[in-house]
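In what follows, a single structure is set out as C-alpha cells and then discussed.
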Amino acid sequence: MILRKTLKDKKRVVIKVGTSSLTHSETGQLDFIKMEKLVRELADLNNRGKEVILVSSGAIAVGRKAIGMKERPSSLAVKQACASIGQARLMMIYQKLFMEYNQTASQILMTKNTLVNEVNRGNARNTFEELLKLGVIPIVNENDTVATDEIDFGDNDSLSAVVAAIAGADLLVLLSDIDGMYTDDPNRNPDAELISYVESISDEMIEMAKGPSTTLGTGGMSAKIYAAGIANDAGADMAIINGEDMDNIIRLIDGEELGTVFKAHRTRHFHLKEYLERKN
C-alpha cells in the first residue's frame, strides 16, 4: 500500500503508550522490559533524524501500586493523589532509560482547560518546537493532579491527538492491547476481521468502535476513533498497532503491513479549540 510506504518519510512522530502496554497484566506492576524496548525504539527513531514526542499514560496505575491500592480509584481526589505519586516515579524511570541511550527527555504536563486558551496553545506549540530543535524527546501526560471532570481529557488517546495537532506532527501512533481496529470486538467474535486501512471515518465505523476500558487504563476503540478524527483533520496520519511488541513501532514506520492506518485529510479550516470544546 502506497500510504504505508510513505510512513518512513514522516518527520515528526507522536507515540502514545497506554497503561496496559506498560504494565504486567497479571499484577498491574510496571513491565520494565517493555519500557526499555519502548525507549530503545524511540531513541533509534531520534537517531534516524525523526522528531519524537511520547505521550505516556501510567501515572495513576504506578501511584496506586506504590501505596498498595489494589483497585483502580474511583474518586477524583484519590486519582489525583495517585497521579502525583506515580508521575514522579514514571518520569524517574523514563529519564534513567533514555539516559542509557544518550537521549535527553523532558516532561510536559497538559490540561484541556488551559489549551482552550489560544495564548496557552501558542506557548505549548513554541515549547514543543524548541525542545524538538534541541533533539529532546518530550514526554507528555495530562496534569492529573489539577485536572477536573474525571481527569480532564478522559483518555490519553485524545490527548495524544491534541498534542499531534499542536506540535504539527505528521504521524500519530497509538500503541494498543489489540492489533488494530476490527469489524467487531475480536475478544467476543472470532470472525472479526482487522481493518488495515481507513480512508475516512464513517458513522458506521464510529458505531462499531464500542468497547469498555480495561481496569488499568481508560478509553476503548471509540476514543481511538475520536483521536483519529482530530489527528487526520489536523493533517497527521494515525496508526493503531499492538503495543505488546514494541518492535512494531519501527516495523510500522519501515512500511510493514500491520495495524490500522487512518489517512490524513487536513481540514481547510481546522480549529483545535472547536474539538476541545466539543468534548466538554
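Coordinate-derived values only; no laboratory data. None of these values were measured; they are calculated from a predicted model. So basically every Cβ, Gly included, is an ideal-geometry build from the backbone, and we count neighbours across all protein chains shown.
Which is the longest stretch in the chain that no exposed loop site breaks, taking sites as GluC sites (Glu not before Pro) with a DSSP loop state and at most 14 other Cβ atoms within 10 Å?
Formally, the longest exposed-site-free interval is 72-149.
Treating the Cα atoms of the chain as identical point scatterers in vacuum, please give the log10 of the normalised Debye intensity I(q)/I(0) at q = 0.08, 0.10, 0.16 Å⁻¹, two decimals.
Each listed q maps to, in turn, -0.29, -0.47, -1.35.
Among the listed pairs 70/112; 70/224; 16/37; 34/133; 70/96, give every one whose C-alpha distance is greater than 24 Å.
From the list (70/112; 70/224; 16/37; 34/133; 70/96), the Cα-Cα distance tops 24 Å for 70/112; 70/224; 34/133; 70/96.
How big is the dipole moment of the chain about its Cα centre under a simple scheme where the beta carbon of each Lys and Arg is +1, that of each Asp and Glu is -1, and everything else is neutral? Debye, nearest 20, please.
Here the size comes out at about 880 debye.
Let me have the relative contact order for the chain, percent, based on Cα pairs under 8 Å that are six or more residues apart.
Relative contact order, the chain: 24 percent.
Calculate how many DSSP beta bridges within region 2-278 are antiparallel, expressed in % of all such bridges and rounded to the nearest 5.
Within region 2-278, antiparallel bridges account for around 20 percent of the total.
For region 19-60, run through the trypsin sites (Lys or Arg not before Pro) and keep only the ones in DSSP coil with at most 13 other Cβ atoms within 10 Å of their Cβ.
Sites meeting the loop and neighbour criteria: 48.
Identify the trypsin sites (Lys or Arg not before Pro) of region 57-122 meeting these criteria: DSSP loop state and at most 12 other C-beta atoms within 10 Å of the C-beta.
70
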